[in-house]
Amino acid sequence: MKASQFHLNTLKEAPSDAEVVSHRLMARAGLIKRLAGGIYTYMPLGLRVIRRIETIVREEMNRAGAVELLMPVIQPAELWQESGRWLQYGPELLRVRDRHDRDFIVQPTSEEVITDIARQDLRSYKQLPRNFYHIQTKFRDERRPRFGIMRGREFTMKDAYSFDRDPQAAMASYQVMFDAYVRIFERLGLEFRAVAADTGAIGGSASHEFQVIAETGEDQIAYCPESDYAANVELAEALPLLEARGPASQPMAVTPTPGQARCEDVARFLGLPLERTVKSLVLAVDPDPETGGAAEVWLLIVRGDHDLNEVKAGKVPGLSGFRFATEDEIVEHFGTPPGYIGPVNTVKPVRVVVDRTVARMADFVCGANEIDAHLTGVNWGRDLPEPVPAQDAGHDTPIIEADIRNVRAGDPSPDGKGALAIQRGIEVGHVFYLGTKYSAAMNAQFIDEDGKGKPFEMGCYGIGVTRLMGAAIEQNHDERGIVWPRSFAPFEVVICPLGMAKSPAVAEQATRLYDQLRAAGLDVVLDDRPERPGVMFADWELIGVPVRVTIGDRGLKAGEIEIVARRDLQAVEKVAPDSAAAAVLEMLGR
């Protein structure tokens, strides 16, 4: 490719709405153009990156035995009504109607469509296992799209779906896909972690996220440097930080704490460690609309220096679909606004859940349910009922003990092999074991060896193809621009001939090298634009092509051509013109 025949449109300044590095650099390098909120045109450079990612993904999916098809972007509502997700999915699901007033959706994912295909085509256990995949446009109507393509509304995803006859076979398919994903991200040249994760809106049981490590990532990953343990903070088990509860050594007393509503302020005011306080959070679960009634109010308690994990809270029996209580609900049940509430002597009965660490605390401090006052010297078994582990609790259990907090760096690793560390990541892939969630709901069955119909055991596996572009840039950039991994850069090599229009020798050498590299199978661009060297270099450093070759009259007279890797612009290699092609291939590891 010659630059004069291509479309380059670099910018000196990023758009004002670009919040993160990847958005700024993609806009400046001319990879994307904004069309509407969360919707982008992928310009020629950006599309080249996408196609190279797709090639790697497609090769590894095929190698893993998956079969490619292409499902529609627009899907009929009837399938989503069968699965139950027509109502469950929420406002991110874009619903449309055709001229006949029939309901459709713009697909965010394709579990329903692929399940419909399976129930039509896969009739016998002899046809299993089977794995279908496609690479297709998706749409999720994000309330506040941001971060460019990282959290856009329209995006490209590879999603795959496996069908098996029993859970054991399904987990074998899951492992095949897990291994394929590892190969994909290794080939892409990205630093990543596969972490245990929550299944979220997709549903199912087993789940792993593939996270590209980046300080700008929205997700937090807990991992143990001494072992293979890794999990999203949403899922990572928080072990109790106290081995056992100490004896009660203080009487419970109402202690004035004027104006001290936060745990940090209370601890400072009383001259106590923050770890002696507890934080109270009030949740509510609304009744079934058909039965009506009042919302059920819950009090969740974590140590004063800990944070509530909302995903874990939602898994406590009875708390599914919770919301945070209103101030009126809090006052009604505790007699005081937030800041001074606690589990002792509530105005109305509430269900209480305490974190594992809190259940082992003694002589702790909590709100007194009156303004400007806290209780000190509070103890379980004396001032409050003993917490009962969640697995042993019933609906009438007054206080439940459960893991409801976020882990922190330094906490013991759940596998018992060291302490946890925390790093940030960007989710770019996710594998789920779905079980029969969709096949049972949609009556998708096969005839097993015993002649009986059974629902398919399913798995689903997604990779954010366009999101990978942004994640790669967040991980690979410097003050000059993007630093692409060679595996999916828009071009592998750029040749920058200085004064090509004026120097036959430069033009001849540049063209010869261009032809040699193309013959060697490299994706190379020759910058034949009439630009000054500084402009050329700045453009290609911004775009991030892995290797740059500079050819000029002065160098040729000295018998030299300059080669530099984008990752280390200071390490310029000077080679003889006849050795340039071999040197480039060596630098690229070819």
Counting only other residues whose beta carbon sits under 11 Å from that of residue 303, what net charge do I get with K and R as +1, D and E as -1? +2
Less than 18 Å apart at the alpha-carbon level, and either on another chain or at least 8 residues along: which lysines does that give for residue 502? 2, 557
What is the distance in Å between the Cα centres of the stretch 58-99 and the stretch 124-166? 8
Within the stretch 253-402, percent of DSSP bridges classed antiparallel, to nearest 5: 60
Packing-wise, with mean Cβ within 10 Å as the measure, how do 384-394, 52-62 rank, highest first? 52-62, 384-394
Order the peptides 215-222, 96-103, 83-90 from the highest to the lowest mean number of other Cβ atoms within 10 Å of their residues. 215-222, 83-90, 96-103
Report D for the stretch 384-441 in µm² per second (integer): Stokes-Einstein, Kirkwood Rh on Cα pairs, 10 °C, 1.306 mPa s. 100
Using only the Cα atoms of the stretch 491-587, build the gyration tensor, take square roots of its eigenvalues as a ≥ b ≥ c, and label the shape rounded, prolate or oblate: rounded if a/c is under 1.5, else prolate if a/b is larger than b/c, else oblate. rounded
Qualifying lysines (Cα of each under 20 Å from Cα of residue 348; at least 8 residues distant if same chain): 279
Unit charges on C-beta of K, R, D, E only; dipole of the stretch 335-420, Debye: 140
Give the distance, in whole Å, between the Cα centre of the stretch 268-290 and the Cα centre of the stretch 455-489. 39
Using the Cα gyration tensor of the stretch 253-402, with a ≥ b ≥ c the square roots of its eigenvalues, what is the shape: rounded (a/c below 1.5), prolate (a/b larger than b/c) or oblate (neither)? prolate
Quick note on 249, 16, ordering by fewest other C-beta atoms within 10 Å, gives 16, 249
For the chain, the Cα convex hull volume per residue in Å³ comes to 208
Can you put 363, 159 in order of Cβ neighbours within 10 angstrom, beginning with the fewest? 363, 159
Within the chain, which whole H helices from DSSP have a Cα span along their axis of at least 24 Å and a mean Kyte-Doolittle hydropathy of 0.0 or more, if any? 167-187
Search the structure for amide H atoms under 5 Å from the amide H of residue 18, placed 1.01 Å from N in the peptide plane, and list their residues when 5 or more places away or on another chain. none
Any idea how far the Cα center of the stretch 243-258 sits from the one of the stretch 364-415, in Å? 13
Shape of the stretch 52-201, Cα gyration tensor, a/c cut at 1.5: oblate
Greater than 22 Å apart at Cα, pairs in 315/454; 126/452; 158/315; 126/158; 33/138: 315/454; 158/315; 126/158
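Rule-based calculations on the coordinates, nothing more; no lab input. In this text the structure is predicted, and so the values were computed from the model without any measurement. In this analysis, Cβ positions are derived from the backbone assuming ideal geometry, glycine residues included, and neighbour counts consider all displayed protein chains.
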